[in-house]
Amino acid sequence: MNNSKYLFPRDFRWGAATAAYQIEGAWNEDGKGESIWDRFSHTPGKIAGAHTGDVACNHYHRSSEDVGLMRELGIGNYRFSISWPRVLPTGKGHPNEKGIDFYERLIDDLLESGIEPFVTLYHWDLPQTLQDTGGWLNRDVGHYFADYSAAMVKRFGDRVKFWTTINEPWVVAHLGFRTGEMAPGIQDEKTCLQVLHNLLLAHGRAVVAIRAADSSAQCGIVNILFPEEPATNTSEDIDAAEFAWQKDCAWIMDPLFKATYPAIWDSMGDKVPDVRAGDLSLIAQQLDFFGVNYYFRCIMSATSGRILEIPGAQYTDMGWEVHAPGIRNLLTRITEDYRLPPLYITENGAAYKDELSGDGRIHDTQRIKYIRDHLIEIHQAMVQGADVRGYFYWSLMDNFEWAHGFDKRFGLIHVDYETLHRKLKDSAHWYSRVIRRNGLDEVLSLKQPMVV
Ligand code: FCB
């Protein structure tokens with residue numbers, strides 16, 4: 001750290017994030033409807049170890065304990081998602097009051113603990129009944145999404161200010177409909193691009209509906225972004241990296257912030273989506289914030305595509321390269337390319353094989369270093385002009401990591417899946433100190449992650 005101090009603005013928001021399907025469990029309790037992730041995880045062969053989110057962290061029955069841990073750590077902002085089929089079992093129609101009650105209690109608990117709720121309306125658990133009518137390939141699902149969003153804002157808008165429509169449209173479309181590794185497991189690129197368009201449209205409709213329900217709501221969307229770097233400085237590799245950026249990032253950012261699709265549209269042949277009159281202006285709603293999720297960069301070569309093995313690189317347990325400067329590069333690029341609302345880092349984090357040591361603690365020093373290095377880069381990006389207002393570590397606790405099941409542990413809090421016992425890792429104590437200091441300084445060395 002060279003005795004440097006990286007202090008953040010006084011009102012910078014420190015937080016942690018989760019998502020309903022990954023932590024709640026109680027998949028069929030109290031009237032909850034089936035989601036596409038229930039269906040997917042119950043399908044043999046889809047999830048490592050045949051794990052499911054049926055119980056997960058059992059947060060549905062332990063939310064007050066989890067809020068208590070956040071309070072103990074001083075985490076002042078909590079990003080979580082509402083399970084659409086828990087509150088509207090078939091995706092539309094009458095709400096399920098018991099499901100609503102769960103979120104009522106959670107939100108009240110958070111506010112009593114001085115924790116600001118950041119609610120995500122869609123973190124991937126579409127009601128299965130809507131999937132049965134075509135899911136996101138059906139444009140009309142966006143109308144149901146807007147109705148559901150407005151219903152939630154009417155219920156909770158007196159207490160919740162920050163509303164995110166969709167978490168990572170890129171992942172929903174590309175991994176759910178192109179590679180098929182996520183629900184609903186479809187493999188077709190044309191379908192993927194149509195779904196992406198329909199998701200953006202659903203987002204636009206939801207923002208309009210949310211604002212009509214509560215004009216003071218702060219609305220945003222969250223996306224994952226990958227800085228794309230050329231493997232060498234040949235013009236071919238530079239072009240390959242730029243093409244990948246246009247395809248993965250600008251394909252979502254341009255409609256949202258410029259009401260257009262990028263020029264590479266012309267090279268997509270008959271894979272381009274059906275876009276109707278008025279769609280793009282509906283998508284490009286004025287937003288109150290934009291959420292950036294960052295995990296890794298992509299290095300592109302014109303001849304061999306994405307390079308996965310980078311000499312000397314370090315990788316997390318997900319096999320994702322650790323590259324903190326990537327977050328600065330992408331924040332400065334999007335700040336240059338777009339007129340953006342305030343930014344939040346809505347996810348950033350690392351999975352490691354955390355083990356309980358002989359002294360009964362979890363010394364996850366690699367995670368501490370990961371967070372520290374990323375915070376330094378975020379701080380630098382802010383100095384260079386990126387308007388970042390907060391940071392949410394992914395994740396508050398170990399949880400169901402989608403197709404990877406429970407083996408990938410991202411949490412600040414360790415979860416023992418046999419007993420469901422929670423235990424604060426060293427990183428949780430360390431992060432707590434960062435929050436209390438509002439940044440990093442030389443006292444927060446890596447060697448001695450101190451207990452609060
Ligand atoms: C993101 C997801 C989140 C989690 C992290 C590791 O893409 O939004 O739910 O799985 O990756």
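Here's the yes/no breakdown for (1) within 18 Å of the chain's Cα centre (by Cα); (2) buried (at least 19 other Cβ atoms within 10 Å of the Cβ); (3) assigned to a helix (DSSP H, G or I):
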| residue | (1), (2), (3) |
| --- | --- |
| 166 | yes, yes, no |
| 174 | yes, yes, yes |
| 182 | yes, yes, no |
| 194 | no, yes, yes |
| 210 | no, yes, yes |
| 220 | yes, yes, no |
| 223 | yes, yes, no |
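Being open to solvent by 30 Å² or more (accessible area, probe 1.4 Å), in contact with a Cys (Cβ under 7 Å, 6 or more places away or on another chain) and either within 20 Å of residue 219 (Cβ to Cβ) or within 16 Å of the ligand (Cβ to nearest atom) (or both) is the requirement here; does residue 178 meet it?
yes
Just to verify a result, which residue in segment 225-246, among those that are open to solvent by less than 40 Å² (accessible area, probe 1.4 Å) and over 20 Å from residue 171 (Cβ atoms), is nearest to the ligand (Cβ to nearest atom)?
Ranking the candidates gives 241 first.
Out of 306, 333, 297, which single residue is out of contact with any Lys or Arg (no Cβ under 9 Å at 6 or more places or on another chain), under 22 Å from residue 189 (Cβ atoms) and in contact (Cβ under 8 Å) with a residue 60 or more places away in the chain?
306
For segment 286-297, which residues satisfy the criterion of being open to solvent by 10 Å² or more (accessible area, probe 1.4 Å) and within 16 Å of the ligand (Cβ to nearest atom)?
295, 296, 297
Hey, any hits in segment 426-447 for a residue that's within 30 Å of residue 258 (Cα to Cα), open to solvent by less than 10 Å² (accessible area, probe 1.4 Å) and within 16 Å of the ligand (Cβ to nearest atom)?
No: segment 426-447 contains no residue that is within 30 Å of residue 258 (Cα to Cα), open to solvent by less than 10 Å² (accessible area, probe 1.4 Å) and within 16 Å of the ligand (Cβ to nearest atom).
With the structure loaded, tell me whether residue 339 is under 19 Å from residue 218 (Cα atoms), basic (Lys, Arg) and modelled with pLDDT of 95 or more or whether it fails that test.
yes
The rows are residues; the columns are (1) over 23 Å from residue 258 (Cα atoms); (2) within 16 Å of the ligand (Cβ to nearest atom); (3) surrounded by fewer than 17 Cβ atoms within 10 Å (Cβ to Cβ).
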| site | (1), (2), (3) |
| --- | --- |
| 268 | no, no, yes |
| 271 | no, no, yes |
| 301 | yes, no, yes |
| 309 | yes, no, yes |
| 315 | yes, yes, yes |
| 327 | no, yes, no |
| 330 | no, yes, no |
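Can residue 405 be described as surrounded by fewer than 22 Cβ atoms within 10 Å (Cβ to Cβ), away from the ligand (no atom under 16 Å from the Cβ) and at positive phi?
no
Name the residues in segment 384-403 that are of a type in the set (A, V, I, L, M) and over 25 Å from residue 162 (Cα atoms), would you?
Listed by number, the list holds a single entry, 403.
Quick check on this structure: which one of 78, 21 is crowded, with 23+ Cβ neighbours inside 10 Å, at pLDDT 95 or above, within 16 Å of the ligand (Cβ to nearest atom) and more than 22 Å from residue 403 (Cα to Cα)?
Checking each option against the conditions leaves just 78.
Given the structure, is residue 371 within 16 Å of the ligand (Cβ to nearest atom), buried (at least 20 other Cβ atoms within 10 Å of the Cβ) and among the β-branched types (Val, Ile, Thr)?
yes
Quick one: which residue in 56, 16 is outside any loop (DSSP other than H, G, I, E, B), of a type in the set (Gly, Ala, Ser) and buried (at least 23 other Cβ atoms within 10 Å of the Cβ)?
16
The values are calculated or read from the model by the stated rules, or taken from the named source; none is laboratory data. All values derive from a computational prediction rather than experimental measurement. Note that each Cβ is placed from the backbone with ideal geometry, even for glycine, and that neighbours are counted across all protein chains shown. We work out accessible area using only protein heavy atoms, side chains counted, and drop any ligands, DNA or RNA first. Shrake-Rupley method; radii C 1.70, N 1.55, O 1.52, S 1.80 Å.
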